[in-house]
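Participant: Just dropping this structure here.
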Amino acid sequence: MKQDWKPGTMIYPLPAVLVSCGSEESEYNIITVAWVGTICTNPPMCYISVRPERHSYPILKKNMEFVINLTTKDMAFATDWCGVRSGKNFNKFSEMKLTPGKASVVNAPIIEESPLCIECRVKEIISLGSHDMFISEVVNVKADEKYLNDKTGKFEFSKSNPLVYVHGNYFDLGENLGKFGWSVEKKK
C-alpha cells in the first residue's frame, strides 16, 4: 500500500556539485548545488537552480557564466561545507584548500581537484518560486586525464568515486549493474 504525501521534490539521487563563479579572484565563490541537470544534448545544455538570497546569486547573474565541478567521495567534506557556509563570510577556496584554476572558455574558475569541470554560459534565467533556474549552454568540458581509459579515451566516472545527494545525505556509488542497453543485448 502507498501513502499520499504533500507534493515535494523526491527525485533522487542527484549529483552533488560545486558550482564556481566570479570573473575575477576578488569575487570567486563556490556554491554547493544538487538542483542540477541535463536539459538538452544538441546543443549541450544544463541547468542549476539557485535561491536568489544566496551570496552566489548576484555573481552568477552579473557574469552569466559558471562552472559545474563534479565532486568525489574525497571531496565530500568540502562539498557539504561549501553548502552551509556563505561566501559573504568565507573564502571557500582557501578554507577548503581547493585550487581555483583557469577555465578554457568562461571567466569563472574551475576547481582543480574536481575530476570533471563543465564550463557553462547562461542563456536564460527563469524565476520559479524558491529558486531561479539558470538555463545554460555547455561551452567546454575539462576532464582530469587520470580518469581517462587508456584504450577507449572515455572518462571513467566510477574511478573518480562520484558523490551523490539523496534527501539530505551524501553517498558514493555502489556496484555497476550494467551499461545502457544491457537489458536488450544479444547473448553470445
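Participant: Could you list all residues from the stretch 41-54 that are without any contact (Cβ under 8 Å) to a residue 60 or more places away in the chain, within 14 Å of GLY87 (Cβ to Cβ) and surrounded by fewer than 18 Cβ atoms within 10 Å (Cβ to Cβ)?
Facilitator: Correct list: GLU53 only.
Participant: Here's a check for you: in the stretch 47-85, which residue that is assigned to a helix (DSSP H, G or I) and among the small types (Gly, Ala, Ser) is nearest to LEU98 (Cα to Cα)?
Facilitator: Taking the candidates together, the pick is ALA78.
Participant: Continuing with the same structure: Any residue at all in the stretch 145-155 that is surrounded by 14 or more Cβ atoms within 10 Å (Cβ to Cβ) and either among the charged types (D, E, K, R) or more than 20 Å from PRO44 (Cβ to Cβ) (or both)?
Facilitator: no
Participant: With in a strand (DSSP E or B) and free of Cβ contacts under 8 Å to residues at least 12 places away in the same chain as the only criterion, which of THR38, THR32 stands out? Steps first, please.
Facilitator: Details: THR32 fails: free of Cβ contacts under 8 Å to residues at least 12 places away in the same chain.
Only one candidate qualifies: THR38.
Participant: Among the listed residues PRO15, PRO58, PRO43, which satisfies the condition of being of a type outside the set (A, V, I, L, M) and within 17 Å of ARG121 (Cβ to Cβ)?
Facilitator: After ruling out the rest, the residue left standing is PRO43.
Participant: Still on this structure, please answer the following. Where residues in the stretch 84-104 are crowded, with 16+ Cβ neighbours inside 10 Å and of a type outside the set (Phe, Trp, Tyr), which of them is farthest from TYR170 (Cα to Cα)?
Facilitator: ALA103
Participant: Can you confirm whether VAL139 is crowded, with 16+ Cβ neighbours inside 10 Å, of a type in the set (A, V, I, L, M), closer than 21 Å to GLU27 by Cα and in contact (Cβ under 8 Å) with a residue 12 or more places away in the chain?
Facilitator: So VAL139 fails the test.
Participant: Further question on the same structure: Among SER136, SER130, SER94, which is assigned to a loop (DSSP other than H, G, I, E, B) and either modelled with pLDDT under 95 or not β-branched (Val, Ile, Thr) (or both)?
Facilitator: SER130
Participant: Can you name the residue in the stretch 156-188 that is closer than 15 Å to PRO13 by Cα and aromatic (Phe, Trp, Tyr) and is also surrounded by the fewest Cβ atoms within 10 Å (Cβ to Cβ) among such residues?
Facilitator: Among residues in the stretch 156-188 that are closer than 15 Å to PRO13 by Cα and aromatic (Phe, Trp, Tyr), the one surrounded by the fewest Cβ atoms within 10 Å (Cβ to Cβ) is PHE171.
Participant: Still on this structure, I have one more. Which residue is nearest to TRP35 (Cα to Cα), if the candidates are limited to the stretch 112-126 and must be in a strand (DSSP E or B) and without any contact (Cβ under 8 Å) to a residue 40 or more places away in the chain?
Facilitator: Among those residues, the one meeting the criterion is ILE126.
Participant: Residues that are surrounded by fewer than 22 Cβ atoms within 10 Å (Cβ to Cβ), in a loop (DSSP other than H, G, I, E, B) and not small (Gly, Ala, Ser): does the stretch 20-28 have at least one?
Facilitator: So the first thing to find is which residues in the stretch 20-28 are surrounded by fewer than 22 Cβ atoms within 10 Å (Cβ to Cβ), and the list is 23-28.
Filter once more, keeping what is in a loop (DSSP other than H, G, I, E, B): 23-24, 28.
Subsequent filtering for residues that are not small (Gly, Ala, Ser) retains 24, 28.
Among the residues of the stretch 20-28, at least one is surrounded by fewer than 22 Cβ atoms within 10 Å (Cβ to Cβ), in a loop (DSSP other than H, G, I, E, B) and not small (Gly, Ala, Ser), which makes the answer yes.
Okay, residues lined up against (1) touching a strand residue (DSSP E or B) at 6+ places or on another chain (Cβ under 6 Å); (2) on the phi < 0 side of the Ramachandran plot:
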{"position": "THR99", "(1), (2)": "no, yes"}
{"position": "CYS117", "(1), (2)": "yes, yes"}
{"position": "MET133", "(1), (2)": "yes, yes"}
{"position": "LYS142", "(1), (2)": "yes, yes"}
{"position": "ASN161", "(1), (2)": "yes, no"}
{"position": "VAL166", "(1), (2)": "no, yes"}
{"position": "LEU177", "(1), (2)": "no, yes"}
{"position": "LYS186", "(1), (2)": "no, yes"}
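The values are calculated or read from the model by the stated rules, or taken from the named source; none is laboratory data. Please read these numbers as outputs of a predicted model, since none were measured by experiment. When we count neighbours, we look across all protein chains shown, and the Cβ atoms used for this are built from the backbone with ideal geometry, even at glycine.
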